[in-house]
Amino acid sequence: MGSFSIWHWLIVLLIVVMVFGTKKLKNIGSDLGGAVKGFKDGMRDGSAPDAAAAPAPQQAPAQVTNAAPAAAKETIDVQATTKS
């Protein structure tokens, strides 16, 4: 129960290549590299305080309703019952 030798890792690598195939592993590697690059770019953009690029504070958006005007509003009263 010691540490793994290089032969153990080569056997694991061979099994992974046989299960997934080299094309799929290549695609996974390029996708992972693109994600890391995007993360680094996002961190760099987020940490650079630029006063000219800082957006103005946004106002809260107005509430949007699909209700009719106040004169045409009606209230419908119903009684909630449970099914027996």
Cα-projected label distance for Asp77 with Lys23, points at 7 Å along beta-carbon direction, nm: 7.0 nm
Cβ-derived FRET efficiency at R0 35 Å, Lys37 paired with Val16, nearest 0.05: 0.90
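Values quoted throughout were computed directly from the atomic coordinates according to the rules given, and no laboratory measurement underlies them. Note that the coordinates shown come from a computational prediction; the quantities given were computed from them, not determined experimentally. We place every Cβ from the backbone using ideal geometry, glycine too, and count neighbours over all the protein chains shown.
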